[in-house]
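Asks: Submitted below is the structure of interest, expressed as structure tokens.
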Amino acid sequence: MRKITSNIAAFFAMLIGYNSFNLYLNSTQSRPATKLMSVERNKGKDRTPHKVLAGKSRSKPESCYSSDTEPYFNRWKLRFSPPHSNCTSTGKYLFFKHIRKAGGTTLRSYFNDVFSYHGRTRNKEDFDQSITKSRPDESDDVIYYVEQEFSTMDYKCPIIDPRWNNSLRIITLRHPIERHISEFFFSGPGHQFPIKRDQLYVNQTYTKELSEFLEENVPAWMERDGGKEGMVGKFNMLFGRFYVDNFQLRALAGCSSRECLEEKNFTDENILKYIQNFHPSVKSYATPVPKCTNFIQVQRTTNLLEMCSKMQKDDCSNGCDGPCFYPSVAWGEMKTKDIERAFEALKAYDVVLLMETFDEEDQSAWLSDVMGVPRDANFALHKKHASNSVVQKSNKREKTHFYR
């Protein structure tokens, strides 16, 4: 099964090595050299049973397809065809793991065009209709859209959540320093920078003013917004608009089992009980709640209508309804085992994209094949203009090494 994963092991190794921006801040006039940390992938498989917090664990969900033989070409059609008799969920999902500041808004716009191409919609009108429908009808042929941005993913989700088997799963990654500093300028104090943000990049080097600004403000931002107390308090809203170290690693290495949580010395009984109550071993997620999924609004920009995150006290008790949306924990020190867990989760995706190559025709063509749309469609990924960006990048180097 082919994936866009060239050098993905080396790339993912970078995701673990930047607990601080020391490398970044060492130089005030030139771009510092950034070394890739080498991580040896564990060739063996983790055969430890997934221990749950209470009750008997459900058996591993049966798959609706053969993942070992399913071709990548037009996987959209293959995945969303009428389900096999052994499917354990009545829902079908396009699941997008939205890594903040890694091209997520651009991808959302692309997905909206893909839905339209296939004669489907997930828009405001669909949401209005879903308000009056607590459960889907048996005759419904709906592909739900779910976008996970502000919570971590339990690394065991692919083997314990029945919704995973009925989903087309996509994730985009980005170089960690580029992503962190982009977050700094987007939702951190970077907006205070005294010159226009479309002039940050000058002759492939930093201006003195920018270097001094970063050296003064980035560490303070990390310390103020990344305090441990604040992190733990927001355990199920892991990726709010504040600094998080090892961001992409934590996004994929969440824990929900007693064994894993004990390993991380996570002992808060109230939170443990909360995790237990929504764990797939205890709670059934076989039938989706339509109004608790996501919808796409296309206005001046492509926004996400996620009322499910605002109706938790009423209809959507666990927030949005989709694969891996049950609570898990990814705080604490990140260790080698967490890297192995994140790799395990990453390997279960159908599509792994790199933001740095959004405009390259090869990656765009392959994604078009997977989604069952023409490679030369006017909405092809390599033709998409970057959305939700606060800086202008004019050449290839700027797109991949803007902050380094």
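Asks: Here is a check on your reading of the model: is Asp128 open to solvent by 10 Å² or more (accessible area, probe 1.4 Å), assigned to a loop (DSSP other than H, G, I, E, B) and free of Cβ contacts under 8 Å to residues at least 12 places away in the same chain?
Replies: Answer is no for this residue.
Asks: Residue by residue through segment 308-333, note down the ones that are over 20 Å from Gln248 (Cβ atoms), among the hydrophobic types (A, V, I, L, M, F, W, C) and at pLDDT below 85.
Replies: Cys308, Met311, Cys316
Asks: Identify the single condition in (1) over 19 Å from His175 (Cα atoms); (2) free of Cβ contacts under 8 Å to residues at least 40 places away in the same chain that Asp369 does not satisfy, given that it satisfies every other one.
Replies: (2)
Asks: Criterion first (modelled with pLDDT of 80 or more and of a type in the set (Lys, Arg)) does Arg197 satisfy it?
Replies: Spelling it out, it is not the case that Arg197 is modelled with pLDDT of 80 or more and of a type in the set (Lys, Arg).
Asks: Please go through segment 344-355 and pick out each residue that is in a helix (DSSP H, G or I) and surrounded by fewer than 21 Cβ atoms within 10 Å (Cβ to Cβ).
Replies: Of everything in segment 344-355, those that are in a helix (DSSP H, G or I) and surrounded by fewer than 21 Cβ atoms within 10 Å (Cβ to Cβ) turn out to be Glu344, Lys347.
The values are calculated or read from the model by the stated rules, or taken from the named source; none is laboratory data. Since the structure is predicted, the reported quantities are computational estimates derived from the model, not experimental observations. Neighbour counts run over all protein chains shown; Cβ positions are idealised from the backbone, glycine included. Accessible surface is based on the protein model in full, side chains and every heavy atom, while ligands, DNA and RNA are left aside. Shrake-Rupley method; radii C 1.70, N 1.55, O 1.52, S 1.80 Å.
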